[in-house]
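For reference, the structure is listed below as structure tokens.
Throughout, read-outs are computed from the coordinates displayed, never taken from laboratory work. Treat the numbers as computed from the prediction; the structure is a model and nothing was measured. Note that we place each Cβ from the backbone using ideal geometry, even for glycine, and neighbour counts take in every protein chain shown.
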Amino acid sequence: EDQVTQSPEALRLQEGESSSLNCSYTVSGLRGLFWYRQDPGKGPEFLFTLYSAGEEKEKERLKATLTKKESFLHITAPKPEDSATYLCAVGRGSTLGRLYFGRGTQLTVWP
Amino acid sequence: NAGVTQTPKFRVLKTGQSMTLLCAQDMNHEYMYWYRQDPGMGLRLIHYSVGEGTTAKGEVPDGYNVSRLKKQNFLLGLESAAPSQTSVYFCASSHARFLAGVINEQFFGPGTRLTVL
């Protein structure tokens, strides 16, 4: 049973073309939704944690939002260096720190 | 402050050989995790530990064993490697929950790329 679904699987944007990545989840008792960035050949790098519906967090060109069923990662005026795979993960209340990951969205920003 | 480190970075094994992957963290985290990442499958949890001397099975534990003898180290062992264990392995660590209802972010190491022939 998929608990975390990310879409699209891949996204190509021209530099400056804003867009959003989606992460939908079906877990009960959400205890955190996490966004990571992963560059080729490297480990995931933590970006944001969101804990409650309506919460938003920003970092440079990235903004993460959370509703009761999904999260969006908005990318404003992306640059080629934003190219990476973005991973979403959720934590449930019945687990001890375990996270459940989606399969990621591979973002390519071309000049 | 090195964060989470993993050794080795790369390894090639023959079917049936054994090896141990080492993970170390210097952030005094209570929880540690081992994941594998395969194309199209995302990150899958193999085993995890919530404290020194404790381990638990994750989503895909078969064929692997772990030990956490020291708080800062988490070892992943393959007793008899199989081609299906060809993957990239990531270790991660996090603080325990300090507040009710809060799960803390995990910090990842750089990964070990393992090929089993």
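With the convex hull drawn around the C-alpha atoms of the protein assembly as shown, the volume per residue stands at 124 Å³. The value of relative contact order for chain A, using C-alpha pairs under 8 Å at least six residues apart, is 37 percent. Out of every Cα-Cα pair that chain A contains, those further apart than 20 angstrom amount to 35 percent.
Roughly how many debye, to the nearest 20, is the charge dipole of chain A about its Cα centre, given +1 on each Lys and Arg Cβ, -1 on each Asp and Glu Cβ, and no other charges?
Computed about the Cα centre, the dipole is about 320 debye.
Rg then Dmax, both in Å and based on the Cα atoms of the range B:1-114: 13.7, 46.
In the range B:60-112, the convex hull through the Cα atoms has an average projected area of 5.0 nm², a quarter of its surface area. Note on A:37-50: average number of Cβ atoms from other chains within 10 Å of each residue's Cβ is 4. When each of the peptides A:17-25, A:31-39 is scored by the mean number of other C-beta atoms lying within 10 Å of its residues, the order from highest to lowest reads A:31-39, A:17-25. The stretch between residue A:63 and residue A:27 holds 10.7 nm of extra length on full extension. This uses 0.36 nm per residue minus the Cα-Cα distance. Listed by chain and number, the aspartates and glutamates whose C-alpha is less than 17 Å from the C-alpha of residue B:14, apart from same-chain residues fewer than 8 away, are B:79. In chain B the longest region clear of trypsin sites (Lys or Arg not before Pro) that are loop-assigned by DSSP and have at most 13 other C-beta atoms within 10 Å covers B:15-69. Extension gain for residue A:81-residue A:108 works out to 8.8 nm (0.36 nm per residue, less the C-alpha to C-alpha distance). Positive end of the dipole of the protein assembly as shown (Cβ unit charges, origin at the Cα centre): among B:61, A:7, B:87, the Cα lying farthest that way belongs to B:61. Dipole size of the range A:4-56 about its Cα centre, with +1 on Lys/Arg Cβ and -1 on Asp/Glu Cβ: approximately 220 debye, rounded to the nearest 20. Which Cα, out of B:41, A:80, B:23, lies furthest along the positive dipole direction of the protein assembly as shown (beta carbon charges, K/R +1, D/E -1)? Positive-most Cα among the choices belongs to B:23. In this Cβ point-charge picture (+1 for Lys and Arg, -1 for Asp and Glu), chain B has a dipole of about 220 debye about its Cα centre. For chain B, the relative contact order is 35 percent, taking Cα pairs closer than 8 Å that sit 6 or more residues apart in sequence and dividing their mean separation by the residue count.
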